[in-house]
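Asks: Just dropping this structure here.
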Amino acid sequence: MQAVAKTLRLVTQPPGEVETLFRAHHDRVFRAAHRITGSPADAEDVLQTVFLRLVKSGEAYDLSQNPEAYLSRAAINASLDLIRSRGRSKSVELSEVDSNALESKFPNPETEHADRELQKLIRQAVARLGKTAGEMFVLRYYEGYDNQEIAKLLDTSQMVVGVVLHRARTRLRKEIGQYLEAGQNRER
(Lines give C-alpha, C1' and ligand atoms only; values in the text may rest on other atoms or scores of the structure.)
Protein backbone atom coordinates (compact mmCIF):
# COMPACT_ATOMS: atom_id res chain seq x y z
CA MET A 1 0.00 0.00 0.00
CA GLN A 2 2.82 2.42 0.80
CA ALA A 3 4.46 1.72 -2.57
CA VAL A 4 1.28 2.86 -4.29
CA ALA A 5 1.05 5.94 -2.07
CA LYS A 6 4.61 6.92 -2.96
CA THR A 7 3.87 6.88 -6.71
CA LEU A 8 0.79 9.08 -6.37
CA ARG A 9 1.29 12.79 -5.99
CA LEU A 10 -1.04 15.69 -5.54
CA VAL A 11 -1.42 17.88 -8.61
CA THR A 12 -1.48 21.45 -7.40
CA GLN A 13 -1.16 23.32 -10.69
CA PRO A 14 -4.33 24.34 -12.51
CA PRO A 15 -4.83 22.74 -15.94
CA GLY A 16 -3.03 24.43 -18.79
CA GLU A 17 -4.82 26.17 -21.65
CA VAL A 18 -4.52 23.20 -23.99
CA GLU A 19 -5.84 20.83 -21.34
CA THR A 20 -8.77 23.16 -20.69
CA LEU A 21 -9.49 23.34 -24.43
CA PHE A 22 -9.22 19.56 -24.66
CA ARG A 23 -11.70 19.01 -21.84
CA ALA A 24 -14.16 21.48 -23.34
CA HIS A 25 -13.93 20.48 -27.00
CA HIS A 26 -12.56 16.95 -27.41
CA ASP A 27 -16.03 15.52 -28.10
CA ARG A 28 -16.60 17.99 -30.94
CA VAL A 29 -13.23 17.25 -32.53
CA PHE A 30 -13.74 13.48 -32.22
CA ARG A 31 -17.25 13.60 -33.72
CA ALA A 32 -16.12 15.72 -36.67
CA ALA A 33 -13.20 13.41 -37.33
CA HIS A 34 -15.36 10.29 -37.00
CA ARG A 35 -17.93 11.62 -39.48
CA ILE A 36 -15.21 12.27 -42.02
CA THR A 37 -12.98 9.23 -41.54
CA GLY A 38 -15.71 6.77 -40.67
CA SER A 39 -13.45 5.07 -38.13
CA PRO A 40 -13.24 5.54 -34.36
CA ALA A 41 -9.53 4.67 -34.40
CA ASP A 42 -8.82 7.25 -37.11
CA ALA A 43 -10.94 9.82 -35.25
CA GLU A 44 -8.83 9.25 -32.14
CA ASP A 45 -5.68 9.75 -34.22
CA VAL A 46 -7.08 13.01 -35.57
CA LEU A 47 -8.06 14.13 -32.07
CA GLN A 48 -4.54 13.48 -30.87
CA THR A 49 -3.02 15.23 -33.89
CA VAL A 50 -5.12 18.38 -33.44
CA PHE A 51 -4.23 18.82 -29.79
CA LEU A 52 -0.59 17.80 -30.21
CA ARG A 53 -0.24 20.50 -32.85
CA LEU A 54 -1.54 23.00 -30.31
CA VAL A 55 0.93 21.80 -27.69
CA LYS A 56 3.86 21.88 -30.11
CA SER A 57 2.97 25.31 -31.45
CA GLY A 58 3.02 26.95 -28.04
CA GLU A 59 1.50 30.41 -28.28
CA ALA A 60 1.22 30.48 -32.09
CA TYR A 61 -2.60 30.33 -32.17
CA ASP A 62 -5.04 32.82 -30.68
CA LEU A 63 -8.12 30.78 -29.85
CA SER A 64 -9.68 33.31 -27.51
CA GLN A 65 -12.30 34.57 -29.98
CA ASN A 66 -13.73 31.32 -31.35
CA PRO A 67 -12.05 28.08 -30.26
CA GLU A 68 -14.96 25.97 -31.60
CA ALA A 69 -14.45 27.24 -35.14
CA TYR A 70 -10.69 26.77 -35.02
CA LEU A 71 -10.87 23.27 -33.56
CA SER A 72 -13.61 22.20 -36.00
CA ARG A 73 -11.51 23.40 -38.93
CA ALA A 74 -8.43 21.71 -37.50
CA ALA A 75 -10.34 18.43 -37.13
CA ILE A 76 -11.68 18.63 -40.66
CA ASN A 77 -8.29 19.41 -42.17
CA ALA A 78 -6.48 16.72 -40.15
CA SER A 79 -9.15 14.17 -41.15
CA LEU A 80 -8.88 15.06 -44.82
CA ASP A 81 -5.08 14.95 -44.57
CA LEU A 82 -5.32 11.46 -43.08
CA ILE A 83 -7.54 10.25 -45.91
CA ARG A 84 -5.30 11.88 -48.52
CA SER A 85 -2.18 10.35 -46.98
CA ARG A 86 -3.53 6.87 -47.52
CA GLY A 87 -3.60 7.44 -51.23
CA ARG A 88 -5.74 5.42 -53.47
CA SER A 89 -6.63 2.00 -52.22
CA LYS A 90 -8.12 -0.77 -54.25
CA SER A 91 -11.88 -0.59 -54.40
CA VAL A 92 -14.26 -3.47 -54.52
CA GLU A 93 -16.92 -3.63 -57.19
CA LEU A 94 -20.39 -2.54 -56.11
CA SER A 95 -23.10 -5.05 -56.88
CA GLU A 96 -26.70 -4.22 -57.55
CA VAL A 97 -28.87 -4.20 -54.46
CA ASP A 98 -31.92 -6.41 -54.38
CA SER A 99 -34.98 -4.26 -53.68
CA ASN A 100 -36.30 -6.86 -51.20
CA ALA A 101 -33.11 -6.52 -49.15
CA LEU A 102 -33.75 -2.79 -48.79
CA GLU A 103 -37.15 -3.44 -47.25
CA SER A 104 -35.75 -5.75 -44.58
CA LYS A 105 -35.09 -4.40 -41.10
CA PHE A 106 -31.72 -6.15 -41.13
CA PRO A 107 -29.49 -5.33 -44.10
CA ASN A 108 -27.71 -8.25 -45.62
CA PRO A 109 -23.90 -8.34 -45.57
CA GLU A 110 -23.73 -7.56 -49.28
CA THR A 111 -25.72 -4.36 -48.82
CA GLU A 112 -23.66 -3.34 -45.80
CA HIS A 113 -20.48 -3.91 -47.81
CA ALA A 114 -21.76 -1.84 -50.73
CA ASP A 115 -22.73 0.97 -48.34
CA ARG A 116 -19.27 0.94 -46.75
CA GLU A 117 -17.63 1.01 -50.18
CA LEU A 118 -19.77 3.95 -51.27
CA GLN A 119 -18.99 5.84 -48.03
CA LYS A 120 -15.29 5.17 -48.56
CA LEU A 121 -15.54 6.38 -52.15
CA ILE A 122 -17.25 9.59 -51.01
CA ARG A 123 -14.61 10.21 -48.32
CA GLN A 124 -11.82 9.74 -50.86
CA ALA A 125 -13.54 12.03 -53.37
CA VAL A 126 -14.04 14.73 -50.71
CA ALA A 127 -10.36 14.43 -49.76
CA ARG A 128 -9.40 15.12 -53.40
CA LEU A 129 -11.46 18.32 -53.57
CA GLY A 130 -8.73 20.56 -52.28
CA LYS A 131 -8.34 22.34 -48.98
CA THR A 132 -10.99 25.06 -49.21
CA ALA A 133 -13.61 23.07 -51.12
CA GLY A 134 -13.13 20.03 -48.90
CA GLU A 135 -13.39 22.10 -45.77
CA MET A 136 -16.55 23.86 -46.96
CA PHE A 137 -18.12 20.56 -48.08
CA VAL A 138 -17.45 18.92 -44.71
CA LEU A 139 -18.75 21.92 -42.77
CA ARG A 140 -21.94 21.92 -44.86
CA TYR A 141 -22.76 18.25 -45.32
CA TYR A 142 -21.02 16.53 -42.42
CA GLU A 143 -21.28 19.20 -39.73
CA GLY A 144 -24.60 20.75 -40.79
CA TYR A 145 -23.55 24.40 -40.99
CA ASP A 146 -25.44 26.64 -43.42
CA ASN A 147 -23.68 28.78 -46.02
CA GLN A 148 -23.86 31.92 -43.91
CA GLU A 149 -22.22 30.18 -40.93
CA ILE A 150 -19.53 28.71 -43.17
CA ALA A 151 -18.80 32.13 -44.63
CA LYS A 152 -18.39 33.55 -41.14
CA LEU A 153 -16.17 30.67 -39.98
CA LEU A 154 -13.91 30.91 -43.03
CA ASP A 155 -13.99 34.71 -43.29
CA THR A 156 -15.39 34.81 -46.81
CA SER A 157 -18.68 35.71 -48.49
CA GLN A 158 -21.80 33.59 -48.72
CA MET A 159 -21.57 33.86 -52.50
CA VAL A 160 -18.11 32.29 -52.53
CA VAL A 161 -19.33 29.47 -50.27
CA GLY A 162 -22.28 28.81 -52.57
CA VAL A 163 -20.12 28.72 -55.70
CA VAL A 164 -17.46 26.49 -54.14
CA LEU A 165 -20.09 24.07 -52.80
CA HIS A 166 -21.86 23.93 -56.16
CA ARG A 167 -18.59 23.09 -57.93
CA ALA A 168 -17.71 20.52 -55.27
CA ARG A 169 -21.10 18.78 -55.58
CA THR A 170 -20.80 18.75 -59.37
CA ARG A 171 -17.34 17.21 -59.19
CA LEU A 172 -18.42 14.60 -56.64
CA ARG A 173 -21.50 13.67 -58.67
CA LYS A 174 -19.30 13.17 -61.70
CA GLU A 175 -16.72 11.03 -59.87
CA ILE A 176 -19.24 8.93 -57.98
CA GLY A 177 -21.52 8.65 -61.01
CA GLN A 178 -18.67 7.25 -63.09
CA TYR A 179 -17.89 4.72 -60.37
CA LEU A 180 -21.51 3.61 -60.05
CA GLU A 181 -21.95 3.38 -63.82
CA ALA A 182 -18.77 1.32 -64.13
CA GLY A 183 -20.06 -1.04 -61.44
CA GLN A 184 -23.42 -1.44 -63.21
CA ASN A 185 -21.73 -2.06 -66.56
CA ARG A 186 -19.54 -4.79 -65.02
CA GLU A 187 -22.65 -6.49 -63.64
CA ARG A 188 -24.26 -6.78 -67.08
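The values are calculated or read from the model by the stated rules, or taken from the named source; none is laboratory data. Given the structure is predicted, the values throughout are model-derived calculations rather than measurements. FYI the Cβ positions are ideal-geometry reconstructions off the backbone, even for glycines, and counts take in every protein chain you see.
Asks: Name the residue, out of Lys131, Lys120, Lys174, that is of a type in the set (Lys, Arg), over 20 Å from the mean Cα position of the chain (by Cα) and at pLDDT below 90. I'd like the intermediate steps shown before the answer.
Replies: Working: Lys131 fails: over 20 Å from the mean Cα position of the chain (by Cα); Lys120 fails: over 20 Å from the mean Cα position of the chain (by Cα).
When all the criteria are applied, what remains is Lys174.
Asks: I've got another one for you. Give me the pairs, please: first residue somewhere in the range 114-137 and at negative phi, second residue anywhere and part of a helix (DSSP H, G or I) and aromatic (Phe, Trp, Tyr), beta-carbon distance under 7 Å, and either six or more positions apart or on two chains.
Replies: Within 7 Å, the pairs are Leu121/Tyr179; Val126/Phe137; Leu129/Phe137.
Asks: Please identify the pairs in which a residue from the range 162-177 that is crowded, with 17+ Cβ neighbours inside 10 Å has its Cβ atom under 9 Å from the Cβ atom of a residue that is of a type in the set (Ser, Thr, Tyr), counting only partners at least 6 apart or on another chain.
Replies: Hits for this filter: Val164/Thr132; Val164/Thr156; Leu165/Tyr141.
Asks: Let me ask something additional. If you go through the range 136-153, how many residues are within 18 Å of Ile36 (Cβ to Cβ) and either touching an Asp or Glu at 6+ places or on another chain (Cβ under 7 Å) or exposed (fewer than 14 other Cβ atoms within 10 Å of the Cβ) (or both)?
Replies: Number satisfying all stated conditions: 1.
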